[in-house]
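What follows is a set of notes on a single structure, which appears directly below.
Values quoted throughout were computed directly from the atomic coordinates according to the rules given, and no laboratory measurement underlies them. Only a predicted model underlies this, so the values are computations on that prediction, with no experimental measurement involved.
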Amino acid sequence: MPLTARWDGPGTLDVTLEGLGCGVVWEAVYRVRPRPVLACTGCGGPMHAKVSGRGGRFFAHDRRSPDCAAAGETEEHRSLKRALAAAARQAGHQVQLEAGAAHGGWRADVLVTAPGGGRTALEAQVSSAPVDDVLARTRRYQDDGLGIVWFTHRAARWLEHVPAARLYRPAAPDGPFSRLHPLVSGFSAVACAEVCDPRPFWHSPVHAGWDHPEERDLPQFIADVLHGRLVPRTATTALGTRYDGWAAPKDVEAAAEHAASAQAASPEPA
């Protein structure tokens, strides 16, 4: 959560903190006297530096602020938002935290704007959430022409229903989110004769399929998604669209072409 920090010392320091960025160290704001003045840029309310029971560092409102969009956020949620924002900036995109639509239909944890103007919402979901709620929020972004990617460390039921990525939970209490579960696959189609010699009669003429998914680190994955080097793999089912990891656009196209050619070559039912 961005904060404005001001305190009296040998002169007055006025600096914006964003996950303790901009050269400001934790020791300058935690348990120091006189106490620094920390103000939430979301609501203007006073805040203070804290350490959780697990040792994680974060900022909290002095008093509950029901009107602030960031009120009630956990340290873990803020940590994931910072990681998403940092990765998007590293990929060369503009970033806004807690940015909302003018009509009030959505509010993105991290709103990313590409140099060409395209926008993508990166949602950090560290708590449990109903599938219907995630689907509804996803549709609101898509209806406004935004891309959307959800991130969680949970084995959530909605992971197969929306564009999403699952992360490993950090080992240390204040460790950063940095690594994703295996989710990126490649498609290949090879003539059976190049694999089997001789070719068994029960084999199809082509060995085709998706490779086992690979792990990615978070900055690399976000850069690939934002630059169009990765897209979600989808399949249409009786229950709607199913998402099954991510792949390069050329692999998605090759898989679709192979499926279409295989269907065209199938004999018509008697």
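Observations, loosely collected:
- Along region 215-226 the Karplus relation, 6.51 cos²θ - 1.76 cosθ + 1.60 evaluated at θ = phi - 60°, assigns HN-Hα couplings of 7, 9, 7, 4, x, 5, 4, 5, 4, 5, 5, 5 Hz to successive residues, with x for each Gly and Pro.
- Counted over region 110-179, the DSSP beta bridges are approximately 35% antiparallel.
- Potential lengthening between Arg107 and Arg154 on full extension [0.36 nm per residue; Cα-Cα distance subtracted]: 14.7 nm
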